[in-house]
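Trainee: Have a look at this one.
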Amino acid sequence: MRILQGLGGGPVIPMAQAIMWEIFPLKERGTAMAVWGFGIMLAPILGPTVGGYIADNWSWRWIFYINLPIGIVAFFMVSAFLFDASFHRRPRRVDVLGIVLMMVGFGCLQLVLDLGERQDWFDSPFILGTGVLAVCALVGFMVREATVEEPILDLDVFRDRNFGVSSLAIFLIGLGFNSSLLLVALYTQKVLGYDAWTAGLTLAPGGLGTMIALMISGRLVSRVDQRLMLAFGCLLQAAALGLMTHLTSTMDFWSLAWPRFLQGFSFGFIFVPLQALALATIKTERLANATAAYNLVRNIGGSTGVALATTLLARRSQQHQATLISHLHDWNPAMAERLQDWTDHFLAQGNDSFTAARRAVAMLYRETQVQAQVLSYADDFWLLLVTFCGVVVLIPFMKRVRADAVAARRAQPAERDPGLPAPAE
């Protein structure tokens with residue numbers, strides 16, 4: 001059922017982006033993307049909060065039931081209001097082999113990323129075999145798409161300088177975006193002990209910050225250098241992640257909610273200018289293919305980020321725990337003092353001295369585990385901070401997009417009669 005859900009939901013965002021880029025000229029796309037982004041950013045606000053409330057008070061099944069009326073209404077609205085542009089043409093044949101190779105390649109890659117940590121990565125024969133199959137299928141897919149007359153995914157768009165560099169940037173941003181959401185959700189529930197509703201409230205300020213930023217960036221994207229906006233967004237994101245590296249097991253709600261707001265605000269200055277840089281130089285008739293490739297790269301980055309974050313979380317937690325335990329010995333006065341505090345606590349509850357001492361040792365071990373987890377989460381946030389700094393390094397390789405230049409380029413005819421003289425320079 002999740003596969004069917006992905007088949008239905010996968011094309012929604014790239015097709016929506018392509019439709020808006022076909023309808024609006026560059027000077028209006030920022031505003032259009034901001035309005036569209038309001039709907040997208042309701043997800044991190046309503047999703048975790050409403051989903052947490054439903055899971056706590058009703059049943060997890062209702063998380064899926066509530067999509068039925070929304071999907072039915074959307075189906076009739078799309079049928080009534082959307083139509084193909086005049087330059088769209090139906091393919092003469094469908095690249096079935098390309099579709100099969102793509103499904104096998106990306107499906108196996110997703111299995112490797114999802115199950116790798118639980119099965120100890122390539123020490124598992126299943127993960128090793130699935131990884132080899134993913135590589136073979138993806139290489140075959142790229143060869144097929146580069147040679148077939150009507151590919152399912154035209155890879156020529158990556159030859160465009162801005163699109164190629166922006167695709168690498170969105171891969172890194174997708175890596176940081178998905179993994180940061182996961183890390184905050186896990187930290188609030190596993191370390192801070194929040195319920196699903198409160199954990200959702202911790203994530204909600206990020207969506208609010210993005211909605212505010214979209215109102216600003218949507219108006220600026222056609223007026224200022226998009227590269228400066230992108231650099232500002234990435235550096236602000238790095239600053240927010242820097243605040244998240246100062247985690248403690250006793251931090252209050254606002255100590256996480258405020259960095260989440262900064263994170264969300266920065267994303268408003270990342271997604272809008274980056275999309276303008278990536279797609280503005282792509283010909284209109286190739287926008288659908290370009291948005292599909294752009295979102296494919298972003299999704300791969302998101303899956304890679306989640307796998308990388310969870311793997312690093314587990315490995316670094318073990319390393320930190322081993323380091324911390326090495327400092328727990330009979331000659332450590334801080335350990336002796338902490339053990340005595342816990343022993344007195346359990347004695348006051350009516351336990352005998354032997355039981356109180358044993359429970360004190362258990363509590364000290366539990367505190368060591370919690371502290372090791374806190375340190376491993378901080379390591380993950382440091383990695384994400386470096387990732388967004390890496391995006392800043394890519395920005396000088398992009399070219400600024402100007403509305404008048406793009407409009408002139410799009411206005412030129414796609415083909416010229418070879419009998420006519422060349423246009424004057």
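The values are calculated or read from the model by the stated rules, or taken from the named source; none is laboratory data. Just so you know, these numbers come straight off a predicted model, no measurement behind them. Virtual Cβ from ideal backbone geometry, glycine too; neighbours counted across all protein chains shown.
Trainee: Could you tell me how many of the residues in the range 230-247 are in contact with a Phe, Trp or Tyr (Cβ under 6 Å, 6 or more places away or on another chain) and surrounded by fewer than 24 Cβ atoms within 10 Å (Cβ to Cβ)? Before the answer, list the steps.
Mentor: Just the residues of the range 230-247 that are in contact with a Phe, Trp or Tyr (Cβ under 6 Å, 6 or more places away or on another chain), to begin with: 232-234, 237-238, 241, 244-245, 247.
After this cut, where a residue has to be surrounded by fewer than 24 Cβ atoms within 10 Å (Cβ to Cβ) as well, the list is 232, 238, 245, 247.
Matching residues across the range 230-247 total 4.
Trainee: Which residues, counting only those in the range 14-32, are among the aliphatic types (A, V, I, L, M) and either modelled with pLDDT of 75 or more or not in a helix (DSSP H, G or I) (or both)?
Mentor: Keep residues of the range 14-32 that are among the aliphatic types (A, V, I, L, M), which gives 15-16, 18-20, 23, 26, 32.
Passing the criteria: MET15, ALA16, ILE19, MET20, ILE23, ALA32.
Trainee: Determine whether the range 223-231 contains at least one residue that is at pLDDT 85 or above and of a type in the set (Gly, Ala, Ser).
Mentor: From the range 223-231, those at pLDDT 85 or above are 225-231; that's our starting set.
From what's left, of a type in the set (Gly, Ala, Ser): 231.
Yes; the residues of the range 223-231 include at least one that is at pLDDT 85 or above and of a type in the set (Gly, Ala, Ser).
Trainee: Same structure, new question: Within the range 116-139, is there a residue that is assigned to a helix (DSSP H, G or I), within 20 Å of the chain's Cα centre (by Cα) and modelled with pLDDT of 85 or more?
Mentor: Going through the range 116-139, the residues assigned to a helix (DSSP H, G or I) turn out to be 121-123, 125-139.
This time we only want the ones that are within 20 Å of the chain's Cα centre (by Cα), so: none.
No, every residue in the range 116-139 fails to be assigned to a helix (DSSP H, G or I), within 20 Å of the chain's Cα centre (by Cα) and modelled with pLDDT of 85 or more.
Trainee: What do you reckon, is ILE152 of a type outside the set (Ser, Thr, Tyr) and part of a helix (DSSP H, G or I)?
Mentor: Details: of a type outside the set (Ser, Thr, Tyr): yes; part of a helix (DSSP H, G or I): no.
Spelling it out, it is not the case that ILE152 is of a type outside the set (Ser, Thr, Tyr) and part of a helix (DSSP H, G or I).
Trainee: Examine the range 291-310 for a residue that is surrounded by fewer than 19 Cβ atoms within 10 Å (Cβ to Cβ), in contact (Cβ under 8 Å) with a residue 60 or more places away in the chain, closer than 30 Å to PRO11 by Cβ and over 20 Å from the mean Cα position of the chain (by Cα), and state whether such a residue exists.
Mentor: No: the range 291-310 contains no residue that is surrounded by fewer than 19 Cβ atoms within 10 Å (Cβ to Cβ), in contact (Cβ under 8 Å) with a residue 60 or more places away in the chain, closer than 30 Å to PRO11 by Cβ and over 20 Å from the mean Cα position of the chain (by Cα).
Trainee: Take LEU243 and tell me if it is over 19 Å from PHE177 (Cα atoms), part of a helix (DSSP H, G or I), without any contact (Cβ under 8 Å) to a residue 24 or more places away in the chain and out of contact with any strand residue (DSSP E or B) (no Cβ under 8 Å at 6 or more places or on another chain).
Mentor: Working: over 19 Å from PHE177 (Cα atoms): no; part of a helix (DSSP H, G or I): yes; without any contact (Cβ under 8 Å) to a residue 24 or more places away in the chain: yes; out of contact with any strand residue (DSSP E or B) (no Cβ under 8 Å at 6 or more places or on another chain): yes.
Here the answer is no, as LEU243 does not meet what is asked.
Trainee: Please find, within the range 269-302, the residue that is modelled with the lowest pLDDT out of those that are within 12 Å of ILE19 (Cα to Cα) and among the polar types (S, T, N, Q).
Mentor: THR284
Trainee: Ok, one more. Those residues that are within 17 Å of ALA55 (Cα to Cα) and of a type in the set (Val, Ile, Thr), I need them from the range 172-213; list them, please.
Mentor: THR188, THR198, THR202
Trainee: Which residues, counting only those in the range 351-373, are modelled with pLDDT of 85 or more, among the hydrophobic types (A, V, I, L, M, F, W, C) and crowded, with 17+ Cβ neighbours inside 10 Å?
Mentor: Selection gives ALA372 alone.
Trainee: Okay, moving on. So, of the residues in the range 191-231 that are touching a residue at least 60 places away in the same chain (Cβ under 8 Å), of a type in the set (D, E, K, R) and outside any helix (DSSP H, G or I), which turns out to be farthest from VAL392 (Cα to Cα)?
Mentor: ASP195
Trainee: Quick check on this structure: which one of LEU279, LEU328 is over 19 Å from the mean Cα position of the chain (by Cα), surrounded by 13 or more Cβ atoms within 10 Å (Cβ to Cβ) and within 30 Å of VAL224 (Cα to Cα)?
Mentor: Working: LEU328 fails: within 30 Å of VAL224 (Cα to Cα).
After applying the criteria, what remains is LEU279.
Trainee: Inspect all residues belonging to the range 155-172 and state whether any of them is charged (D, E, K, R) and not in a helix (DSSP H, G or I).
Mentor: There is at least one residue in the range 155-172 that is charged (D, E, K, R) and not in a helix (DSSP H, G or I).
Trainee: Same structure, new question: Inspect all residues belonging to the range 76-89 and state whether any of them is crowded, with 17+ Cβ neighbours inside 10 Å and either modelled with pLDDT under 80 or part of a helix (DSSP H, G or I) (or both).
Mentor: Looking through the range 76-89, none of the residues is crowded, with 17+ Cβ neighbours inside 10 Å and either modelled with pLDDT under 80 or part of a helix (DSSP H, G or I) (or both).
Trainee: What is the one condition in (1) out of contact with any helix residue (DSSP H, G or I) (no Cβ under 6 Å at 6 or more places or on another chain); (2) under 30 Å from ALA276 (Cα atoms) that SER303 does not satisfy?
Mentor: Against the list (1) out of contact with any helix residue (DSSP H, G or I) (no Cβ under 6 Å at 6 or more places or on another chain); (2) under 30 Å from ALA276 (Cα atoms), SER303 comes up short only on (1).
Trainee: If the requirement is being among the polar types (S, T, N, Q), in a helix (DSSP H, G or I), closer than 30 Å to TRP121 by Cα and in contact (Cβ under 8 Å) with a residue 60 or more places away in the chain, which of these qualifies: GLN319, GLN371? Break it down into steps so the answer makes sense when it comes.
Mentor: Details: GLN319 fails: in contact (Cβ under 8 Å) with a residue 60 or more places away in the chain.
One residue alone meets the criteria, GLN371.
Trainee: Quick check on the range 204-219: of everything there that is modelled with pLDDT of 80 or more and buried (at least 22 other Cβ atoms within 10 Å of the Cβ), which residue is farthest from THR31 (Cα to Cα)?
Mentor: PRO205
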